[in-house]
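Readers should treat all values here as calculations from the given coordinates under stated rules, not as data from a laboratory. This structure is a prediction, so every number in the text was calculated from the model and none was measured. Virtual Cβ from ideal backbone geometry, glycine too; neighbours counted across all protein chains shown.
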Amino acid sequence: AHDVALVRALASARETVDIASQTGWPLKATLFVQHQVGELLGLDRMRAAARDLQPRDQWDQLALQRVADDLPRRQTELSISAIRFAQQAGVSPYGIDRTSAGRLASDWIAPRRATADRLTQPMGAFDRQGGWSLAKLVLLGDAVREFVYAVRAEPGA
């Protein structure tokens, strides 16, 4: 269990380093933004669900692995977009803390609210219906992809 936790932490750290490298932001500010984007869009909840689900057979395992592999890439891309938004707005990464990163992520999501809602609203319904399943993760994985594609299609993206 300790080794698995260490591997997960190292994988997440690698994502943060990649984002910082691509944006030129310091690691601390990058980490705060990355986690706020993940939290506000529910990506962290999806990643936890993907880790915790027990597949019934090899096909479920394959589908679950696809979702689990895709989520970090999507979160990285969205975090980079949020940081680029902040850079264009002249936000300095120095002094970014959890609260200011939350505001930054919220400001970045605001013009994309309708698309983001297609991702976050089903999560609330799923929670009320008793938790996660592979089918729910796959459906939300598609919604994450749609959100990423919408962000990519924006002018200046």
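Observations, loosely collected:
- Each of 83, 63, 38 was scored by the projection of its Cα onto the charge dipole of region 35-90, and the greatest displacement toward the positive side belongs to 83; charges sit on the C-beta of Lys, Arg, Asp and Glu.
- FRET efficiency for residue 145 and residue 14, using Cβ-Cβ distance with R0 set to 25 Å, rounded to 0.05: 0.70
- Assuming charge only on the beta carbon of Lys and Arg (+1) and of Asp and Glu (-1), the dipole of the chain about its Cα centre is about 180 debye to the nearest 20.
- Sites residue 94 and residue 48 - FRET efficiency at Förster radius 22 Å, r taken between beta-carbons, to 0.05: 0.10
- Our helix-only sum for the chain, with -39,500 (n - 2.57) per DSSP H run of n ≥ 4 divided by its residues, gives a mean residue ellipticity at 222 nm of -27000 deg cm²/dmol.
- R0 of 25 Å, Cβ-Cβ distance residue 58-residue 135: FRET efficiency to nearest 0.05: 0.90
- Kyte-Doolittle mean at least 0.5 and Cα axial length at least 24 Å: DSSP H helices in the chain: 134-152
- Scaling the Cα radius of gyration of region 58-118 by the globular reference 2.2 N^0.38 Å produces a ratio of 1.45.
- Contact order, relative form, for the chain: 31 percent (alpha carbon pairs under 8 Å, 6 or more residues apart, mean separation divided by residue count).
- Taking Cα Rg over 2.2 N^0.38 Å as calculated from this structure, the corresponding entry among (1) 1.14; (2) 1.05; (3) 1.42 is (2).
- Its Cα centre serving as origin, region 18-80 has a Cβ charge dipole (Lys and Arg +1, Asp and Glu -1) of approximately 100 debye.
- Each residue of region 90-96 was assigned a 3J(HN,Hα) from its phi angle through the Karplus expression (A = 6.51, B = -1.76, C = 1.60, θ = phi - 60°), giving x, 6, 7, x, 7, x, 5 Hz with x at Gly and Pro.
- With both labels modelled 7 Å from their Cα along Cα-to-Cβ, the residue 107 to residue 73 distance reads 3.1 nm.
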